[in-house]
Amino acid sequence: MKSFPQSALKALQKPALDCASLLVPTSLRSDWCREWRAELWHVRQACNLTGEVSWQVERSITYFCLGAFPDALCLRWHSWKGFTPPEPLRGSPVKCILSLVATVACFYVISILTPGVRTARRLAWNHAYAGVVLIRNAEVTSHAATISSRQFQGWAAGKSKYFDGFAFYRIAQRPVQLWSSQRKNCKIAYATSNLFSLLGVPLRFASQTASSDENLRDAVLSDRVWRKDFDADPNIVGKVLHVHGRGFRIAGVAPRGSWRLPERVDVWLLEPDSAVRTGSTGYVLAHLSSAGEVEMWAPRVFIKAYGPHDSELDLLGVSLDQKVPPPLSVFLLGVLLAFFALPATASVSMSEYGLISHKLTWPTRLRRWGFLGAKAALVLIIAYFASFDLACAYATLFSPLSVYLHLSSCFLICLAGLSWACRDQRQRCPVCLRRVTHPAQVGLASQTFLGWSGTELICAGGHTLLHIPALPTSWFSVQRWLVLDGSWDFLFAR
Amino acid sequence: MACDAKLSHTAAMILQAIDAGFVYGFSIMEMTGLPSGTVYPAMRRLERDELISSRWERQSIADAEQRPPRKYYKLTAAGNATLESSRRRYPLLERLIPSGEEKPV
């Protein structure tokens, strides 16, 4: 009875030939298919003659079928007159760079497609909540709304040394008419129109175009409501929802995880300062001026304010800026630490011993160092995207945990990537940058101290031979390159 | 193609294998130990350069043996001359695939 891998491999073989045949020019296709099918029959017969019926046999036959692809490509290239097929990529520097670029592209696409990561990046670039303080009554310990709209209007109209902007919001539970017939009880935040700009939170789908109907005020949906009740409609902006019979134009969607203030909110209704209802209590947000930032050295600060009739008010300003370092700083710190730790994990020497007698030309040297630099740069870009993706996937945005996760993953990816880049460089021919191949064990371990014992690898282009000692000794401690002279030419077609 | 043109070691091995009587793709693979993805494209290039030529086996022979017909390859005059120069260039070639080791077709 055939195992699953065996059946799966067998099922792959003929479709692989059919797919490869599509690459063959039409005039040659039937002849090509006939030859490959005949060869496949003979390969199978030969395998059956050996009496082995295992998945390894099916694997060998499948490898044989996969060889049809280079053959088909070869015929296709021959059909294009004047076209020179690219040299095989195996071990070439081009393949290495292409693989790294593909990895960068993968992580970039992941960060674009993952909503949490995208939001985190946008918020980080916009410095959301930087310099924003939530002001509340110092005598009230809970997160209840304590500031009256009248006090807010007084502060917003006046001048302050420490604050250069104020915003206000109050929460109410209201039935909202989302669609023509659908009504839903939502938590509404009646907020001043500058709320999101003061917080530094960019709205999704926000457009600068004003409503055609001047009577319509703007509304902002939470990410949850937008997904649940509007099926994540990307054309949501401009549609109208009704609260208490009054229409509001949807101006955007607040990104997920961007609301870090008291009370969960479903919909924000934005109104000018003058329209804030008198007598209501809510939350006041203030943006620190440069003088205020100097004074706000602690996460909380007591504020003495004067209310109506010069009455004194004891207020508490709570910083919403979590003072976590920006992602770029965390990334740069991770890179710096990785560079410090690199010599402990990999040899940073490029082993130019043996090349001293045969000086490489300047363009060759530049190409070699440029290749190493390109690899290191691409590794760092991979680390930047991958560590940010990890931090956002497993921790709350801008929390200390996300910073630690970001820093540690960035450090580890950079360290592993840079170590690989150094190791890979040491195994590449200094002349053509191809990886040396065909390892051959030379000498005997018992002769280590009397003669040469180790591994020899050769450049497929016939430029160099690499000696790696089996056991480093005082006279042969590191690998050495031997530049092959013209007497080796007969082994290589150039 | 000029007979003194430098062939790669792989191409020279394939020419030597065909000369030694391994005249279809799979037998060349078995003799040289090269994978199908190397042997078949190399044979296309050799055929394009007119160093080898191919012909299909007669259907009646294949039917008699109850198998699909094979495509056979043989060296052209230019291929023979190139193989001679390759043997001088790669002295170990004949030791790897001795020419006397004829294989019945």
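Just the number please: accessible area per residue for chain B, 1.4 Å probe, all protein chains included, in Å².
Using a 1.4 Å probe on heavy atoms only, each residue of chain B averages 49 Å².
As a test of reading the structure, rank A:CYS106, A:CYS432 by solvent-accessible area (1.4 Å probe, protein chains only), most first.
A:CYS106, A:CYS432
Cross-chain or 8 or more residues apart, Cα under 25 Å: how many lysine pairs in region A:130-319 fit that? Count them up, please.
Taking the Cα cut-off of 25 Å, the pair count is 7.
For the full complex of protein chains and a 1.4 angstrom probe, list A:ILE458, B:ILE61, A:ILE250 by accessible area with the highest value first.
Result of the area sort, largest leading: B:ILE61, A:ILE458, A:ILE250.
Report A:LYS95's accessible area, 1.4 Å probe, all protein chains in place, as a number in Å² to the nearest 10.
Roughly 90 Å² of A:LYS95 is accessible to a 1.4 Å probe.
Please report, as a whole percent, how much of the solvent-accessible surface of region A:265-316 comes from carbon and sulfur atoms (probe radius 1.4 Å).
In region A:265-316, the share of accessible area belonging to carbon and sulfur is 56 percent.
Counting protein heavy atoms only and a 1.4 angstrom probe, how many square angstrom of accessible surface do chains B and A bury in total, to the nearest 100?
Accessible area lost upon association: around 2100 Å².
Per residue, how much accessible area does region A:4-81 have with a 1.4 Å probe, in Å²?
54
Which FRET efficiency, nearest 0.05, do A:LEU22 and A:CYS106 yield, Cβ-Cβ r, R0 22 Å?
The formula returns an efficiency of 0.25 here.
Could you state how much accessible area A:LEU336 has, in square angstrom rounded to the nearest 10, with a 1.4 Å probe and all protein chains kept in place?
90
Can you put A:ILE147, A:ILE97 in order of accessible area, largest first, using a 1.4 Å probe?
In descending accessible area the options line up as A:ILE97, A:ILE147.
Can you give the mean number of other chain Cβ atoms that lie within 10 Å of the Cβ atoms in peptide B:25-36?
4
At a 1.4 Å probe radius, carbon and sulfur cover how many percent of the accessible area of region A:4-81?
Of the solvent-accessible surface of region A:4-81, carbon and sulfur hold 65 percent.
Using alpha carbons only, what's the Rg to Rh ratio of region A:355-446 with Rh from Kirkwood?
Ratio value, two decimals: 1.20.
If you count only protein heavy atoms with a 1.4 Å probe, what accessible area per residue comes out for region A:130-319, rounded to a whole Å²?
51
Please report the Cα spread of region A:4-81 along all three principal axes, rounded to whole Å, starting with the longest.
45, 22, 15
If you look at just the Cα atoms of region A:437-491, how large are its Rg and its Dmax in Å?
12.1, 35
Which distance in nm do the two modelled labels at A:ALA157 and A:SER142 give, with both placed 7 Å along the Cα-to-Cβ direction?
Taking the two extended label points, one gets 3.1 nm.
The values are calculated or read from the model by the stated rules, or taken from the named source; none is laboratory data. Quick caveat: nothing in here was measured; it's all calculated off a predicted structure. All Cβ positions, even for glycine, are placed from backbone atoms using ideal geometry, and neighbour counts span all protein chains on display. All accessible areas refer to the heavy atoms of the entire protein, side chains included, with ligands and DNA or RNA removed. Shrake-Rupley method; radii C 1.70, N 1.55, O 1.52, S 1.80 Å.
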